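Colleague: Okay, here's the structure, questions in a sec.
The values are calculated or read from the model by the stated rules, or taken from the named source; none is laboratory data. Computed from a predicted structure; not experimentally measured. Quick reminder, even Gly has a Cβ in these numbers, built from the backbone with ideal geometry, and neighbours come from all protein chains shown. Heads up: the accessible areas ignore ligands, DNA and RNA and are worked out on the full protein's heavy atoms, side chains in. Shrake-Rupley method; radii C 1.70, N 1.55, O 1.52, S 1.80 Å.
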Amino acid sequence: MSAFRSHMDQALAEARAAGARGEVPVGAVVVAPDGKVVAAAGNRTRELADPTAHAEIMALRAACAAAGSERLPGHALYVTLEPCPMCAAALSNARIARLCYGAADPKSGGVAHGARVFSHPQCHHVPEVYDGIAAAEAEALLKTFFAGRR
């Protein structure tokens, strides 16, 4: 469980950096089967004027580029917030083996809430899912960020 926590700590650091840039504070880390971090990213939708520049997508793009493949079998993705439907579909397409996320997202989530992408028969690959890792810290980052915007 300490590996889960250490990788989530890095995802939280990416989320804090995203928040400091004025982005919604979400961070993601891709971990290879040997336990090494191969990519890390935070949200960049505003900076890049790109609605697909979610932390998960940015981390997947970097990890796939490093691997020279559109698939990442055996890899894990750690993210501070439950992935939205777009990101959940991308994780499935990349063949991510394990998804670990922090805060639940009842409003826009796509894993345990909303679309529940992995439960559809059209979903060709379903990763192992672990939720609630460092959820309190991830939720606090989001609440603080949005409180400052209201």
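Colleague: Size of the dipole of the range 14-87 about the Cα centre, Lys and Arg at +1 and Asp and Glu at -1 on the beta carbon, nothing else charged, in debye to 20?
Modeller: Details: 7 positive and 8 negative charges, 25 e Å.
My answer is approximately 120 debye.
Colleague: Which far-off residues, 5 or more places away or on another chain, put their amide H under 5 Å from the one on VAL38, with H placed in the peptide plane?
Modeller: Counting only residues 5 or more places away or on other chains, the set is VAL30, VAL31, ALA32.
Colleague: Just the accessible area for LYS143, please: 1.4 Å probe, Å², rounded to the nearest 10?
Modeller: 140 Å²
Colleague: Which angle between 0 and 90 degrees, to the nearest 10, do you get for helix 55-67 versus the longest principal axis of the chain when only C-alpha atoms count?
Modeller: Approximately 40 degrees, to the nearest ten.
Colleague: Rounded to the nearest 20 debye, what is the charge dipole size of the range 5-150 about its Cα centre when +1 sits on each Lys and Arg Cβ and -1 on each Asp and Glu Cβ? Walk me through the numbers on the way to the answer.
Modeller: Values: 15 positive and 14 negative charges, 44 e Å.
My answer is approximately 220 debye.
Colleague: Per DSSP helix of 4 or more residues, -39500 (n - 2.57); summed, then divided by the residues of the chain. What does that give at 222 nm, rounded to the nearest 500?
Modeller: Numbers: 5 runs with 58 residues, N = 150.
Per the formula, -12000 deg cm²/dmol.
Colleague: Leaving out ligands and nucleic acids, note down the accessible area per residue over the chain with a 1.4 angstrom probe, in whole Å². Show your work: numbers first, answer last.
Modeller: Details: 7280 Å² over 150 residues.
Per residue, the chain has an accessible area of 49 Å².
Colleague: If you don't mind, there's one more thing I want to ask. Non-local amide H neighbours of CYS84 (under 5 Å, H modeled in plane, Pro and chain starts lacking H): which ones?
Modeller: GLY110
Colleague: Suppose R0 equals 35 Å. What FRET efficiency, 1/(1 + (r/R0)^6) with r the Cβ-Cβ distance, do GLU139 and ALA65 give to the nearest 0.05?
Modeller: Values: r = 31 Å, r/R0 = 0.89.
The pair GLU139/ALA65 has a calculated efficiency of 0.65.
Colleague: Consider a paramagnetic label point 7 Å from the Cα of GLU47 along Cα→Cβ; state which residues of the range 60-95 have an amide N under 15 Å from it.
Modeller: Label zone hits: 60-62.
Colleague: Let me ask something additional. Once you have the Cα-Cα distance between SER119 and ALA147, take 0.36 nm times their residue separation minus that, and quote the gain in nm to one decimal. All intermediate terms of the calculation are to be shown ahead of the outcome.
Modeller: Details: separation 28, 0.36 × 28 = 10.08 nm, distance 3.32 nm.
The span from SER119 to ALA147 would gain 6.8 nm if fully extended.
Colleague: OK, next. Carbon and sulfur together cover what percent of the accessible area of the chain at a 1.4 Å probe radius?
Modeller: On the way: 4020 of 7280 Å².
Carbon-and-sulfur percentage of accessible area, whole number: 55.
Colleague: Could you order ASP9, ASP34 so the one with the most accessible surface comes first? Probe is 1.4 Å. Working shown, then result.
Modeller: On the way: ASP9 65, ASP34 105 Å².
I get ASP34, ASP9, largest accessible area first.
Colleague: Also, quick follow-up: Would you calculate the separation in nanometres between label points at ASP9 and TYR130, each defined as 7 Å from the Cα along the Cα-to-beta-carbon direction?
Modeller: 1.5 nm
Colleague: About its Cα centre, how strong a charge dipole does the range 45-97 have in debye, to the nearest 20, once Lys and Arg get +1 and Asp and Glu get -1 at the Cβ?
Modeller: The dipole magnitude comes to about 140 debye.
Colleague: Taking the Cβ of GLU128 as the centre, find all other residues whose Cβ is under 14 Å away and add up their charges (Lys, Arg: +1; Asp, Glu: -1). Could the numbers behind the result be given before it?
Modeller: Details: positive: ARG95, ARG98; negative: ASP131.
Local charge sum for GLU128: +1.
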